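My questions will all concern the structure given below.
The values are calculated or read from the model by the stated rules, or taken from the named source; none is laboratory data. These numbers were taken from a predicted model, which means no experiment stands behind them. Cβ atoms come from the backbone with ideal geometry, glycine included; neighbour counts cover every protein chain shown. Quick note on the areas: whole protein, heavy atoms, side chains included, nothing else; ligands and nucleic acids left out. Shrake-Rupley method; radii C 1.70, N 1.55, O 1.52, S 1.80 Å.
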Amino acid sequence: MKLLLTDSGIKNPSIREALVDLLGKPIDESSALCIPTAGYGAPDADPGGPWRFISGWSPLLMTGLGWKSVGVLELTALPSIDKAHWVSWVREADVLLVNGGDALYLCHWMRASGLADLLPSLPDTVYVGLSAGSMVMTPRIGEEFVGWKPPAGGDDTLGVVDFSIFPHLDHPACPDNSTAAAERWAAQIAGPAYAIDEQTAIKVTDGTVEVISEGHWKAF
């Protein structure tokens, strides 16, 4: 897949330009499926969060960018739906917009629903993650970000990319996500990693990693 792993959605012109480049056409000519599932899994989750994400009322722009069409793909519903039916929805979409929340909860349902197994067969689809929606594509998230606990334990995620992500770097609403905390996290993550702020995203195409930023980030 073509990946745009954001901290806080499409926050600035540079990230928007990267999105359009991945799509290969304007946003208003592209169809999107939004995946709100991670928004239900966080310990502090509330039903308003997924609604804001789906409706486009969130200040973290994803569904409200002016897409040609937007549909909802709720992963917890997929095991009860004919697989060929929902797979056709995914294959027809130009982009998957994946909500933030809890990365391990999202990882569990990406695997349980079958979506994780489908991803490698979608070379032309653009995947845009927001916070946990980005972190789920990494090998692991680190103990600091474990909220919902998977049945098997641990902090492993899908490993689509070979680096980990520390989000919300030095954000005033996230006092535990300081640069010093990111350095401690990176020391135990055992692999390449990036700490990114809300003005930063990571673009991945054909194995090439590019940081898109109008803000602050750090590679480890």
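Search the range 1-18 for residues being within 20 Å of residue 55 (Cβ to Cβ) and touching a helix residue (DSSP H, G or I) at 6+ places or on another chain (Cβ under 7 Å), and hand back the single one that is surrounded by the most Cβ atoms within 10 Å (Cβ to Cβ).
6
Is it the case, given these coordinates, that residue 65 is of a type in the set (A, V, I, L, M, F, W, C), open to solvent by 10 Å² or more (accessible area, probe 1.4 Å) and touching a strand residue (DSSP E or B) at 6+ places or on another chain (Cβ under 9 Å)?
Working: of a type in the set (A, V, I, L, M, F, W, C): yes; open to solvent by 10 Å² or more (accessible area, probe 1.4 Å): yes; touching a strand residue (DSSP E or B) at 6+ places or on another chain (Cβ under 9 Å): yes.
Judged against the criteria, residue 65 is a match.
Could you tell me which residue of the range 138-160 is surrounded by the fewest Cβ atoms within 10 Å (Cβ to Cβ), considering only residues that are under 22 Å from residue 179 (Cβ atoms) and among the β-branched types (Val, Ile, Thr)?
Top of the filtered list is 146.
Taking into account only those residues within the range 78-104 that are open to solvent by less than 60 Å² (accessible area, probe 1.4 Å) and assigned to a helix (DSSP H, G or I), which is farthest from residue 136 (Cα to Cα)?
88
Can you name the condition, by its number, that residue 25 falls short on among (1) farther than 25 Å from residue 120 by Cβ; (2) surrounded by fewer than 20 Cβ atoms within 10 Å (Cβ to Cβ)?
Condition not satisfied by residue 25: (1).
Here's another thing I want to ask about it. Is one or more of the residues making up the range 77-89 at pLDDT 95 or above, among the polar types (S, T, N, Q) and either touching a Leu at 6+ places or on another chain (Cβ under 6 Å) or over 22 Å from residue 163 (Cβ atoms) (or both)?
Within the range 77-89, one or more residues are at pLDDT 95 or above, among the polar types (S, T, N, Q) and either touching a Leu at 6+ places or on another chain (Cβ under 6 Å) or over 22 Å from residue 163 (Cβ atoms) (or both).
Look through the range 161-176, keep the residues that are closer than 27 Å to residue 208 by Cα and without any contact (Cβ under 8 Å) to a residue 40 or more places away in the chain, and return whichever of them is most open to solvent (accessible area, probe 1.4 Å).
Per the criteria, the residue is 162.
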